[in-house]
Every structure is written in C-alpha cells, then in structure tokens.
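The structure appears right after this line, and notes come after that.
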Amino acid sequence: MSKIQEIATAVAGGKMKIVGGLIDEALAEGIAATDILNEGLIAAMSIVGDQFKDGQIYVPEMLVAARAMKKGVEKLKPHLAGGVTATLGKFIIGTVEGDLHDIGKNLVGMMLEGSGFEVVDLGVDVPSAKIIDAIKANPDCRIVGLTALLTTTMPALKDAVSAIAEAGLKNQVKIIVGGAPITQEFADKIGADGYAENAASAASISKKLIA
Ligand code: B12
C-alpha cells in the first residue's frame, strides 16, 4: 500500500492517533502536501461517504473519520497555506442553517487565507440574519462564501443569498457558494455571483470576483 493510501485508510478508519505520523512520513518521502490532501484526506471522506450510503457505517464512524481528517488538515496546514499577509480584504464564510458540515468550508477558508484574504468564519448552522449582521459589522468585506453539504440544506443556501439581496447588501458584497451537492447551475439559479467546486478554485474565483 502506498503512503497516501495508508493515510486515506487511516483517516477513513478514524485512526486519529496515527494520521499525524503518517503525514510526517509522507512529507519526508517528498510527497507534495496538495497530493496528501487530495488523494489522502479528501479521498478518505469519499470512501466514508460511500460506506455510509451503503449502510456499512453509521454517523458515529463518520464523525471519528471527520476528526481524523481535521487532525490531518491541521498537520498539513503549514505546508499548504502560502503565508501571505492579508491584503485582499475580508471574506465572510459560513455553513448555512441546519447544516453542520465544516471540513470543506475550513479548507476553503485556509486556502483563502493563504491567498491573502482575512477570513471571518461564522461557523456552522448559520442563520441568514447572522450573515447579514456580519456583513453590516464588516463594511470593508467585499465577498461572502456560503456552503451547504446536504440536499436538504440547499434551500437554506438559496434563502441566505436572497436575504442578502433583500437587505440591500448586494452592492457591497459578491457571493460565492460551494459544497458537494452544489453546481454552477444551482448557483446561477439562486443568484450567487460565483461557484467553485474545490478550495483551490474557490480562492482563484474569489480573487476574480473582487477584481
Ligand atoms: C464527514 C461527514 C459528516 C460529519 C461532518 C463533520 C464535520 N465537522 O464536517 C458528520 C458525522 C457530523 C455528518 C453528519 C451528517 N451527514 Co454527513 N457526511 C460527511 C462526509 C463523509 C464527508 C464530508 C466532507 O467533509 N467532505 C470532504 C470535504 C473536503 O469536501 P466538501 O465538503 O465537499 O468541500 C469541498 C467542496 O465542496 C468545496 N467547498 C466546500 N465548501 C465550500 C464553500 C465555498 C464558498 C466554496 C466556493 C467551495 C466550497 O471545496 C471543498 C474542498 O475541496 C460526506 C460524504 C461526502 N462524500 O461528502 C457525508 C454526507 C455529506 N453526509 C450526509 C448525511 C446524510 C449526513 C446526516 C444527515 C446523517 C444523519 N443521518 O444524521 C448528518 C447531517 C448533520 C447536519 N445537520 O449537518 C450525506 C448527504 C446526502 C445528501 N444528499 O444530502 C453525505 C453525502 C453522505 C452520503 N453519501 O450519504 N456528516
């Protein structure tokens, strides 16, 4: 088994204690941090998602795998973020109301920080009113990123985008959306300004949106 496969297996199996050491070994072997992230950690979440869908594992197993994933991301962070000092202004990010998934959001936040944004993270299960308050409290913020991981919380994403427009804030901020069930078509339909399917493109598209 390759080192990256070992990492994916350990994360999918929730073996939090060994993930850090395996990542150190992979980095020492000269494997790129982005490959460890994509083919090790993110791939593990797909494995876990499939196992959950097939009824082979349940929420507790998914949760321990998520913890192992977070541990791995922490370990990789210094090797991924570019260490750029913030210059592009504030980026408000959050997971919409009813949704507790934050791994992807956190990765996006990390990439944005590495690209020069100052990230204001509202966390998970964020009601639209809280997003609006945050935009008002940060008049220098020019972009908001919202995520939904469940088909059942996609309507909450639509509501959040509509609420921002109804609050008259669309001339202050651009909105970029993402999350596994979200598509460019859905983003267009709900009136978002941008969509990105992964953390790296989230950073580059966000820069274009505010250029
Ligand atoms: C880990 C996990 C959990 C963990 C979450 C822990 C945490 N802190 O996040 C826990 C155990 C809590 C959980 C709970 C549930 N989960 Co869950 N979960 C997952 C799992 C396995 C991985 C998600 C993940 O982290 N992926 C890795 C990250 C990196 O990918 P990502 O989030 O898609 O993010 C990338 C892009 O989408 C994009 N992106 C993300 N955010 C943003 C934001 C912006 C602005 C942009 C531009 C881009 C962007 O960039 C990211 C990086 O590349 C997925 C399976 C899967 N394949 O996605 C199921 C999954 C999402 N869960 C699912 C379900 C059903 C649930 C529960 C309802 C289960 C239950 N019966 O209770 C609950 C719901 C809880 C709630 N109210 O939210 C289903 C959803 C099905 C559906 N169609 O809606 C999935 C798909 C599993 C499945 N195959 O059935 N889950």
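The values are calculated or read from the model by the stated rules, or taken from the named source; none is laboratory data. Predicted model, so just to flag it, every value in this text is computed and none were measured. All Cβ positions, glycine included, derive from the backbone under ideal geometry; neighbour counts span all protein chains shown. Heavy atoms of the whole protein, side chains included, go into the accessibility calculation; ligands, DNA and RNA do not. Shrake-Rupley method; radii C 1.70, N 1.55, O 1.52, S 1.80 Å.
Report the number of Lys pairs in segment 35-186 whose alpha-carbons are under 13 Å apart, with separation of 8 or more residues or on distinct chains. Lysine pairs meeting the criterion: 4. Calculated FRET efficiency, Glu74 to Glu29, Cβ-Cβ distance, R0 = 22 Å: about 0.65 to the nearest 0.05.
Computed as a quarter of the hull surface, the mean projected area of the alpha carbon convex hull for the chain stands at 11.7 nm². Across the accessible surface of the chain, with the other protein chains kept in place and a 1.4 Å probe, carbon and sulfur atoms take up 55 percent. At a probe radius of 1.4 angstrom, the accessible area of segment 31-190 per residue rounds to 49 square angstrom.
Within segment 105-204, list the trypsin sites (Lys or Arg not before Pro) lying in a DSSP loop whose Cβ has at most 16 other Cβ atoms in a 10 Å radius.
Details: sites: Lys105, Lys130, Lys136, Arg142, Lys158, Lys170, Lys174, Lys189; in loops: Lys170.
Here the trypsin sites (Lys or Arg not before Pro) that fit, given the DSSP loop and packing criteria, are Lys170.
Which angle from 0 to 90°, rounded to the nearest 10, does the C-alpha axis of helix 43-53 make with the longest principal axis of the chain? Roughly 80 degrees, rounded to the nearest 10.
Largest mean-square fluctuation among Gln172, Gln56, Gln184, in a Gaussian network model of the chain whose springs join Cα atoms under 10 Å apart, belongs to Gln56.
Of all DSSP beta bridges in the chain, what percent run antiparallel (nearest 5)?
Values: 0 of 18 bridges.
Antiparallel bridges: around 0 percent, rounded to the nearest 5.
The long axis of helix 103-115 is offset from the longest Cα principal axis of the chain by roughly 70 degrees.
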